[in-house]
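Asker: Below is one structure. I have some questions about it.
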Amino acid sequence: MKFVLIIVTSLLLVACTQSNTPMPIVQTEKTIIAIGDSLTAGYGLPISDAYPSQLEEKLRKDGYKYRLVNAGISGDTTAWVLSRLDWILEGDTPSLIILCIWANDAFQGKDTSEIEKNLRQIIEKIKEKNIPILLAWMRAPINLGVEYAEKYKAIFSSLAKEYKLAYMDFFLEWVALKSQLNQDDRIHPTKEWYAIVVENLMKILENEKLITQ
């Protein structure tokens with residue numbers, strides 16, 4: 001019986017080595033993880049309308065084979081992101097992380113030094129895995145004062161420069177304060193709002209060569 005198995009195995013090996021048929025190439029999608037708060041999670045909308053879903057659709061339409069993972073949680077802060085970052089980064093290494101986490105820290109009036117400390121640790125943890133980062137920023141609420149707003153903005157721009165990160169200077173470019181692009185709470189975006197954000201993101205992704213076909 002063993003002799004028969006040896007012969008069959010040998011014949012199969014010969015057949016494989018003599019075949020001129022090329023082995024099929026498995027096409028694998030790259031992954032982008034979107035980390036953030038309600039603006040990433042898509043609060044008040046179907047998940048398909050949130051910017052990560054719309055960005056994935058746009059990428060595929062333009063010939064980029066990417067899968068977007070929406071790791072946004074409404075109410076999230078830099079401290080909470082830091083506490084769950086190891087879990088987010090488990091598994092296959094993504095090709096890019098879009099980091100858009102700031103609003104709730106500002107709304108809560110957190111000390112800017114605390115925000116900077118958390119963000120720095122988040123960035124360093126991600127960079128340890130050699131994952132590119134696109135850091136997005138939004139202005140602090142005006143009721144916190146000009147001094148706070150300036151310190152707040154400086155955190156993001158300085159960290160982006162220090163760590164050589166791709167940087168989105170204003171996440172709400174072209175859509176801020178436009179009531180028709182916000183939900184009834186005048187804080188969270190509509191599907192149309194996200195579509196504009198996606199167009200702005202695509203320009204950065206392509207210009208910074210953060211995506212490849």
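Read the figures in this text as sums done on the coordinates, not as results from a lab. Model, not experiment: these values are computed from the prediction. Counting neighbours? That spans all protein chains shown, and the Cβs are built from the backbone with ideal geometry, glycine included.
Asker: Does any residue of the range 68-81 turn out to be outside any strand (DSSP E or B) and within 14 Å of the chain's Cα centre (by Cα)?
Answerer: Yes, that holds for at least one residue.
Asker: Next question, about the same structure. Could you check how many residues of the range 194-213 are over 25 Å from Y43 (Cα atoms) and without any contact (Cβ under 8 Å) to a residue 24 or more places away in the chain?
Answerer: Selection size over the range 194-213: 3.
Asker: OK, next. When the residues of the range 63-119 are filtered to those that are farther than 20 Å from S48 by Cα and of a type in the set (G, A, S), which remaining residue is surrounded by the most Cβ atoms within 10 Å (Cβ to Cβ)?
Answerer: Among residues in the range 63-119 that are farther than 20 Å from S48 by Cα and of a type in the set (G, A, S), the one surrounded by the most Cβ atoms within 10 Å (Cβ to Cβ) is A103.
Asker: For the range 102-125, give me each residue that is of a type in the set (G, A, S) and part of a helix (DSSP H, G or I).
Answerer: Within the range 102-125, A103, A106, S113 meet the criteria.
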